[in-house]
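Read the structure below first, then the notes.
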Amino acid sequence: MGSRWLDFRFFDLLRPVADLARELTAYRPTLIVGPPAVLRAVQDQGAGVQAERVVSVAEVLDPDDAAHLRAWGPVVQVYQATEGLLALPCEHGELHLTEAHVHFDLEAVGGGLVRPVITDLRRRVQPFVCHRLDDLLRLHPEPCPCGRAARRVAAIVGRQDDALQLPGPGGEPVTIWPDFLRGALSAVPGLRDYRAEQTGAAALTLALNPCTPDLDTRALAEVRAALRRSGADPAQVTLSTVPLPPLAPGTKRRRVSRARPLAPEVTP
Ligand SMILES: [Zn+2]
């Protein structure tokens, strides 16, 4: 597929990772676009890529993934949702909101995070007017050296409904933002991948890879410290660890999530 100048190739993510790694190495792309969890998995299978750009899409790009993927080339993100193309990288690799085309109102939700409310009148069939997204963003406070006035996204933190609600010292629910927990678990040396899921009103399960007694201890200590820093009371939270099951092909990775519903079902 492509032209004399460009050659595109689509890799089916439902195929075995080892096959993807082999074919990707042989293909030698100069630009590679994909969800970071898949790119990492292919990289771990030994795919050798030297690209001019590695573009992360569809999932939150965590700093640990970005650090590994830089072995392939400069890493940038594109922020795209069902609602359209919402942020693009500039020549400095910084992610700018597409404010030339979409109007963004940014609602503060606490913890230094904002939730976008977009109005995109270019869409005629289905215009978005004051449409609230589920995503949480952390903005960069400084203007970008590229000179664009469009605001800069420092991090796409995750979805509002992935924020955890765990008990504080008085039993009151305290919000734990997903990036706070990701930061804590990224600090565990030797931890390759993980998920954290709130499975009850005061229960948090950590799925770890690898899941060894030593790593379990370190991960639990980091998470307890992060909960304390967030204002929750780790003594009231039941923490458990399990080995991380492989990500089902074709599913989006969400490293931090909250199972719903949390409350036990009431029988009439
Ligand atoms: Zn810029």
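The values are calculated or read from the model by the stated rules, or taken from the named source; none is laboratory data. Here the structure is a predicted model, which is why all the values come from computation and not from measurement. Glycine also receives a Cβ, built like all others from the backbone with ideal geometry; neighbour counts cover every protein chain displayed. With ligands, DNA and RNA removed, areas are computed over all heavy atoms of the protein, side chains included. Shrake-Rupley method; radii C 1.70, N 1.55, O 1.52, S 1.80 Å.
Structural remarks
- Using C-alpha pairs below 8 Å separated by at least 6 residues, the relative contact order for the range 97-235 is 16 percent.
- Relative contact order, percent, the range 93-159 [alpha-carbon distance under 8 Å, six or more residues apart]: 32 percent
- GNM top mover of LEU185, LEU206, LEU121 - the chain, alpha-carbon springs below 10 Å: LEU121
- Where both bridge residues fall in the chain, DSSP classifies roughly 70% of the beta bridges as antiparallel.
- Protection-proxy order for peptides 101-112, 186-197, each taking the mean of Cβ atoms within 10 Å per residue, highest first: 186-197, 101-112
- Average accessible surface for the range 17-77: 45 Å² per residue, computed with a 1.4 Å probe over protein heavy atoms with every protein chain in place.
- Fluctuation leader among PRO213, PRO74, PRO178 - the chain, Gaussian network, Cα springs under 10 angstrom: PRO213
- Using a cutoff of 8 angstrom between alpha carbon atoms and counting only pairs six or more residues apart, the relative contact order for the chain works out to 12 percent.
- Mean Cβ neighbour count within 10 Å, used as a protection proxy, ranking 222-233, 43-54 highest first: 222-233, 43-54
- Extension gain from VAL117 to THR238, taking 0.36 nm per residue of separation minus the Cα-Cα distance: 40.0 nm
- Estimated distance in nm for a label pair at GLU23 and GLU91, the labels positioned 7 Å out from Cα along Cα-to-Cβ: 3.6 nm
- What a 1.4 Å probe finds exposed on the chain is 56% carbon and sulfur by accessible area, rounded to a whole percent.
- Helix-derived mean residue ellipticity, 222 nm - over the chain, DSSP H n ≥ 4, -39500 (n - 2.57), to 500: -6000 deg cm²/dmol
- For the chain, modelled as a GNM whose springs connect Cα atoms under 10 angstrom apart, the maximal fluctuation among ALA100, ALA184, ALA21 occurs at ALA100.
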